[in-house]
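Following: one structure in structure tokens, then a few remarks.
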Amino acid sequence: MFSRKKTEEQTKEGTILQGERRAAIRYASEQGASCALGHKSPRAWGRIRDISTLGVGLFVDREIAPGTRLVVELARRKPVSPLRTLARVVHCQQQSNTSWHIGCQFDNPLREEDVQALALDSTDDEIK
């Protein structure tokens, strides 16, 4: 067994997580998020861990089985309206009694501008 060391690289666009073999660059984020099995099912609430054009890592308040299809809602600062997209859970790991880390693959890739709007160090105007 081997371990992958995660390092961070600062760019003008945000914090890039490195040390993993991914098809798309992942950016750290702490924006709010929620997901549900459908429009009428209870939502799982949490926050984004990392995001790329192809998928998202979320910390959520309940276990969600791999293979589950979700409606994912990602909070954005600009524009203020959340980004909604469909995704499939690829993995789920319990972090604590009340927190799970899920990795999701988007049905359709996000635009790079949307990923940048959700990145941890995106350059937003300060609220005064």
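Per-structure values
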item: Enumeration of residues in the stretch 82-99 that are part of a strand (DSSP E or B) and among the hydroxyl-bearing types (S, T, Y); result: T85, S96, S99
item: Neighbours by Cβ (under 9 Å, 6+ apart or cross-chain): first from the stretch 34-63, farther than 20 Å from T98 by Cβ and charged (D, E, K, R); second outside any strand (DSSP E or B) and modelled with pLDDT under 95; result: D50/S29; D50/L120
item: Residue that is under 13 Å from V115 (Cα atoms) and part of a loop (DSSP other than H, G, I, E, B), where the choices are P42, P79; result: P79
item: Within the stretch 45-76, tally of residues that are among the acidic types (D, E), surrounded by fewer than 19 Cβ atoms within 10 Å (Cβ to Cβ) and not in a loop (DSSP other than H, G, I, E, B); result: 1
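The values are calculated or read from the model by the stated rules, or taken from the named source; none is laboratory data. Remember, predicted model here, so these are calculated numbers, not experimental data. Positions of Cβ are backbone-derived with ideal geometry, glycine not excepted, and every protein chain shown enters the neighbour counts.
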